[in-house]
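Structure, as structure tokens:
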Amino acid sequence: GAGVSQSPSNKVTEKGKDVELRCDPISGHTALYWYRQSLGQGLEFLIYFQGNSAPDKSGLPSDRFSAERTGGSVSTLTIQRTQQEDSAVYLCASTPQVAKNIQYFGAGTRLSVL
Amino acid sequence: QQQVKQSPQSLIVQKGGISIINCAYENTAFDYFPWYQQFPGKGPALLIAIRPDVSEKKEGRFTISFNKSAKQFSLHIMDSQPGDSATYFCAASVRGSGGSNYKLTFGKGTLLTVNP
């Protein structure tokens, strides 16, 4: 079956603009994570969604970052007033109910803020 | 504060050799330790994982060694092949509330190059 799908694969924006990154998890997967992968910082947890539970937002770096997950499936990560330090690859992962510890990652969205 | 320290940053091995990547952690609450493999332009993929109640786990050419008292774990790749050339990440997680939040804390990665 299809894996985790992220769009766009690449996004170039100007400093100060807002961007939206989309994640389509594997069908039937119940949990969804966002991570950021940047040079020198490695992979950093951003946010976690599980069903109707309140999301774990503990990794969001500032209030310019937000995410939502509609209908328990598709998720959108929004970055407002982008800064150059937001340039990174944003990765989404989903996990099945029967193996909650196994995260399946998408290929990511490479964000470049000019 | 970096909770998972990974070394080396890069590693070059000859085909057929053994690749060894080491990680150390600080948070004794971590209870799940996976290794991920990432090829350029792709997302990380789970390679092998271990829980702290065992000292070693082997899957094919890949072995995790785990030392709970030293808070260290390592990945050994036996008979390394050029196709193993990738970036490897160690990670750790604490099972969160509700028993389903496995948010991962990653090491900074090791770029492995296996020469033919």
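The values are calculated or read from the model by the stated rules, or taken from the named source; none is laboratory data. Keep in mind that what you see is a predicted model, and the values were worked out from it rather than measured. Cβ atoms come from the backbone with ideal geometry, glycine included; neighbour counts cover every protein chain shown. SASA here: full protein model, heavy atoms, side chains in, ligands and nucleic acids out. Shrake-Rupley method; radii C 1.70, N 1.55, O 1.52, S 1.80 Å.
Quick one: how many residues across region A:58-68 are open to solvent by 30 Å² or more (accessible area, probe 1.4 Å) and within 14 Å of chain B (Cβ to nearest Cβ)?
As a first pass, look at region A:58-68 and keep what is open to solvent by 30 Å² or more (accessible area, probe 1.4 Å): A:58, A:60-64, A:66, A:68.
Next, from what is left, pick out any that are within 14 Å of chain B (Cβ to nearest Cβ): A:58, A:60.
Of the residues in region A:58-68, 2 are open to solvent by 30 Å² or more (accessible area, probe 1.4 Å) and within 14 Å of chain B (Cβ to nearest Cβ).
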Exercise. Of (1) in a loop (DSSP other than H, G, I, E, B); (2) small (Gly, Ala, Ser); (3) closer than 13 Å to B:Gln3 by Cα, B:Ala92 satisfies all except one. Which?
Worked result: (1)
Exercise. With respect to the numbered conditions (1) more than 14 Å from the chain's Cα centre (by Cα); (2) within 13 Å of A:Arg22 (Cβ to Cβ), which one is the sole condition not fulfilled by A:Lys100?
Worked result: (2)
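What do you reckon, is A:Gly108 within 13 Å of another protein chain (Cβ to nearest Cβ), under 22 Å from B:Tyr36 (Cα atoms), surrounded by 16 or more Cβ atoms within 10 Å (Cβ to Cβ) and at pLDDT below 95? Walk me through how you get there before you give the answer.
Working: within 13 Å of another protein chain (Cβ to nearest Cβ): yes; under 22 Å from B:Tyr36 (Cα atoms): yes; surrounded by 16 or more Cβ atoms within 10 Å (Cβ to Cβ): yes; at pLDDT below 95: no.
So A:Gly108 fails the test.
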For this session: Test each condition in (1) surrounded by 18 or more Cβ atoms within 10 Å (Cβ to Cβ); (2) at pLDDT 95 or above; (3) more than 13 Å from chain B (Cβ to nearest Cβ) for A:Glu20 and report the one that comes out false.
Result: (1)
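Output the residues belonging to region A:46-57 that are in a loop (DSSP other than H, G, I, E, B) and more than 9 Å from chain B (Cβ to nearest Cβ). Give the steps one after another, and end with the answer.
Narrowing region A:46-57 to residues in a loop (DSSP other than H, G, I, E, B): A:51-55, A:57.
Answer for region A:46-57, where residues must be in a loop (DSSP other than H, G, I, E, B) and more than 9 Å from chain B (Cβ to nearest Cβ): A:Asn52, A:Ala54, A:Pro55, A:Lys57.
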Exercise. What are the residues in region A:59-105 that are aromatic (Phe, Trp, Tyr) and over 21 Å from B:Gln38 (Cα atoms), if any?
Worked result: A:Phe65
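Quick one: which strands (runs of 3 or more DSSP E) sit completely within region B:1-87 and have at least 1 residues that are open to solvent by 70 Å² or more (accessible area, probe 1.4 Å) and touching a residue at least 60 places away in the same chain (Cβ under 8 Å)?
Values: elements: B:4-7, B:10-14, B:19-25, B:33-38, B:45-50, B:56-59, B:62-67, B:72-77.
Strands (runs of 3 or more DSSP E) meeting the threshold: B:4-7, B:10-14.
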For this session: Read through the list (1) open to solvent by 40 Å² or more (accessible area, probe 1.4 Å); (2) within 9 Å of chain B (Cβ to nearest Cβ); (3) under 11 Å from the mean Cα position of the chain (by Cα), then give the number of the only condition that A:Tyr33 fails.
Result: (1)
For this session: Those residues that are open to solvent by 50 Å² or more (accessible area, probe 1.4 Å) and modelled with pLDDT of 95 or more, I need them from region B:88-107; list them, please.
Result: none
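Suppose we filter region A:82-114 for residues that are within 21 Å of A:Leu39 (Cα to Cα) and not aromatic (Phe, Trp, Tyr); how many remain? Reasoning before the result, please.
Keep residues of region A:82-114 that are within 21 Å of A:Leu39 (Cα to Cα), which gives A:82-93, A:105-114.
Applying the additional criterion that residues be not aromatic (Phe, Trp, Tyr) yields A:82-89, A:91-93, A:106-114.
Qualifying residue count for the region: 20.
Which ones in region A:36-45 are more than 9 Å from chain B (Cβ to nearest Cβ) and surrounded by 22 or more Cβ atoms within 10 Å (Cβ to Cβ)? Don't jump to the end; show me each part of the working.
So in region A:36-45, the residues more than 9 Å from chain B (Cβ to nearest Cβ) come out as A:36, A:38-39.
If the condition is that a residue be more than 9 Å from chain B (Cβ to nearest Cβ) and surrounded by 22 or more Cβ atoms within 10 Å (Cβ to Cβ), then A:Arg36 is the only one that fits.
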For this session: Among what's in region A:79-105 and is open to solvent by 30 Å² or more (accessible area, probe 1.4 Å) and polar (S, T, N, Q), pick the residue that is nearest to the other protein chains (Cβ to nearest Cβ).
Result: A:Asn101
